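The values are calculated or read from the model by the stated rules, or taken from the named source; none is laboratory data. Predicted, not measured: the structure shown is a model, and the values here were computed from it. Using ideal geometry, Cβ is built from the backbone for each residue, glycine included, and neighbour counts are taken over all protein chains shown. In case anyone asks, the SASA skips ligands and DNA or RNA and just uses the protein heavy atoms, side chains included. Shrake-Rupley method; radii C 1.70, N 1.55, O 1.52, S 1.80 Å.
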Amino acid sequence: METQPKASHFINGTYVEDTNGTPIPVIYPATGEVIATVYAATPEVLDQAVSAAQAAQEAWGAMTGTERGRILRRAADLMRARNHELSVLETYDTGKPLQETLVADATSGADALEYFGGLAATLTGEHIPLGEDWVYTVREPLGVCVGIGAWNYPTQIACWKGAPALACGNAMIFKPSETTPLCALKVAEILIEAGLPAGLYNVVQGMGEVGGALVTDPRVDKVSLTGSVPTGKKVYAAAASGMKHVTMELGGKSPLVIFDDADLDNAVGGAINGNFYSSGQVCSNGTRVFVQKGIKEAFLKRLAERLENAVLGDPLNEDTNFGPMVSERQMEIVKSYIAKGNEEGARLVAGGGQLDKEGFWLEPTVFADVTDDMTIAREEIFGPVMAVLDFEDEAEVIARANDTEYGLSAGVFTKDISRAHRVIGKLQAGSCFINSYNDAPVEAPFGGVKASGVGRENSKEAIQHYSQVKSVYVRMGDVEAAF
């Protein structure tokens, strides 16, 4: 597959190159090989992107929602038709196994384009009768939106941000992570092919300074970030200085609570999905696995047996189900947490090592006898490291699960449905699961509370964050005045 893009940026409907920008090597995580090079956006490129977005947005916002939706749905069809090639590119970009990218990346992006394409025509206001007088409301676009993506789901995130923005009549400038810059360019190509007018979806490459320049540009009206909490705080503060709309989808240290009456295999499966899918590089992962003491050893035994089924091999081979870390830097970060777990007295029951091969490979790792004060139980690792903690009763586990600055996700496994709803109701998290983990359909809101974010992605809730309401008071009679 040709992984070198035609150019680094996609602006105003075409590829744009400027080699004066900082070179960004694109590295295939499975081998460490450089498979492409792109260049960070220069100030000239950024100005071109914002100007193109601003020029195109007004006419797009004036179109009917039905017209906008038709284009988004056409793009969804194109993306599904090209799922295999897009999935292969995502595997090269991220290192994730093709077995995963075929079902969880471009397909999810297509779902977002289809869903918001269908929703676009429904974005109406309301009539508010006030006796003889009345008020009507109009839902309007914000203008120019900036999306800043993370490296774990580059195709999906490009669509999760672009689809609702475009459905509401906005223009989007998307900056992928510098670690995974390839996939968003294909999203832009497909949108243009589907009939999206030039300038409405632009992709620019770069590191933090490029994102910073976009966030602080006075022509930008909205910023949506997927990233870490420290980065989110900086971006939120910068956007606030310009009174911009924001959506922050940030990190987590989410609890997965397994009661002793849970179906053991389902609970183990949920813990695997919540810790080792995408090699553990998922913000909502349930990395604090609280297991009630009565089934702790049975859980660990069954987990160890299931981990024997992990196939660490060529990500392009569909038999492979566990891939490398996205980068050498991320691998070293995760290795430092594994070392910290050993140092602080957690019991290593599986994995813990680096594979002796090219690329950035770590074994799926499980620590047991983890206590709440250990580093691996407090900090987001963003890698394949599961921390198993013991608990005795419901009140105890709820208090301990909530003892964190984060609040992205939470899960409960139990056959007692009353307890399931009761516990979920008390857990401080935005995206929750009962007898499952990490399902993220576009129809459901996704996002966190506390330090894990602001606003919601997906579902009708996303519309609130990419539009604004104008209210118009209509007086039918004479105006009364004091003089």
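When all alpha-carbon pairs of segment 329-386 are counted, what percent fall beyond 17 Å? The share of Cα pairs beyond 17 Å in segment 329-386 comes to 30 percent. Here the accessible area of segment 61-178 is 52 percent carbon and sulfur, with a 1.4 angstrom probe and all protein chains present. On a per residue basis, segment 310-440 carries 43 Å² of accessible surface, using protein heavy atoms and a 1.4 Å probe. Distant-in-sequence amide contacts of L362, defined by a placed amide H-H separation under 5 Å and a gap of 5 or more residues or a different chain, comprise M325, L355. Here the translational diffusion coefficient of segment 78-183 follows from Stokes-Einstein with Rh set to the Kirkwood radius across Cα pairs; for 4 °C and 1.567 mPa s it amounts to 84 µm²/s. Normalised per residue, the accessible area of segment 192-240 is 36 Å², obtained with a 1.4 Å probe and no contribution from ligands, DNA or RNA.
Taking Lys and Arg as +1 and Asp and Glu as -1, the other residues whose beta-carbon sits under 14 Å from that of E209 total 0. Between helix 264-276 and the chain there is an angle of about 60 degrees, using the helix long axis and the longest principal axis of the Cα atoms. For segment 383-483, the fraction of alpha-carbon pairs lying more than 23 Å apart is 45 percent, rounded to a whole number. Other residues within the sphere of radius under 14 Å centred on the Cβ of A81, judged by their own Cβ, net out at 0 (K and R +1, D and E -1).
Around T155, under 10 Å between beta carbons, what's the net of Lys plus Arg minus Asp minus Glu among the other residues? Don't jump to the answer; show the numbers that get you there.
Values: positive: K186; negative: E90, D93, D105.
In short, -2.
Scanning the chain for GluC sites (Glu not before Pro) in DSSP loops with at most 16 neighbouring Cβ atoms within 10 Å leaves 133-307 as the longest stretch between them. 3J(HN,Hα) couplings calculated from phi for segment 418-428 with the Karplus curve 6.51 cos²θ - 1.76 cosθ + 1.60 (θ = phi - 60°) are, in sequence order, 5, 5, 4, 5, 5, 5, 4, x, 9, 7, 8 Hz; Gly and Pro show x. According to the Kirkwood relation over distinct C-alpha pairs, the hydrodynamic radius of segment 413-458 is 11.7 Å.
Pairs to check: K6/K161; K426/K450; K234/K450; K161/K460. Give those whose C-alpha atoms are more than 21 Å from each other in this structure. From the list (K6/K161; K426/K450; K234/K450; K161/K460), the Cα-Cα distance tops 21 Å for K6/K161. With both labels modelled 7 Å from their Cα along Cα-to-Cβ, the N266 to E461 distance reads 2.4 nm. Working note: Karplus 6.51/-1.76/1.60 with θ = phi - 60° gives segment 339-344 the couplings 4, 5, x, 5, 5, 8 Hz, where Gly and Pro are set to x. In the chain, Cα pairs under 8 Å separated by at least six residues give a relative contact order of 18 percent. Shape class for segment 142-184, computed from the alpha carbon gyration tensor (a ≥ b ≥ c): prolate, with a/c not under 1.5 and a/b above b/c.
Here the calculated FRET efficiency for V449 and T19, from their Cβ-Cβ distance with R0 = 41 Å, stands at 0.40, rounded to the nearest 0.05. All distinct Cα pairs of the chain go into the 1/r average, and the inverse of that average, the Kirkwood radius, is 23.3 Å.
When Rg and the Kirkwood Rh are both derived from Cα coordinates, the Rg/Rh ratio for segment 1-124 amounts to 1.03. Per residue, the accessible area of segment 57-180 comes to 33 Å² when a 1.4 Å probe rolls over the protein heavy atoms. In segment 386-483, the portion of solvent-accessible area held by carbon and sulfur atoms comes to 50 percent [1.4 Å probe, whole percent, DNA, RNA and ligands not counted]. Consider all pairwise Cα distances in segment 227-273 and report the whole-number % of them above 12 Å. Summing the P(r) of segment 227-273 above 12 Å gives 70 percent of all pairs.
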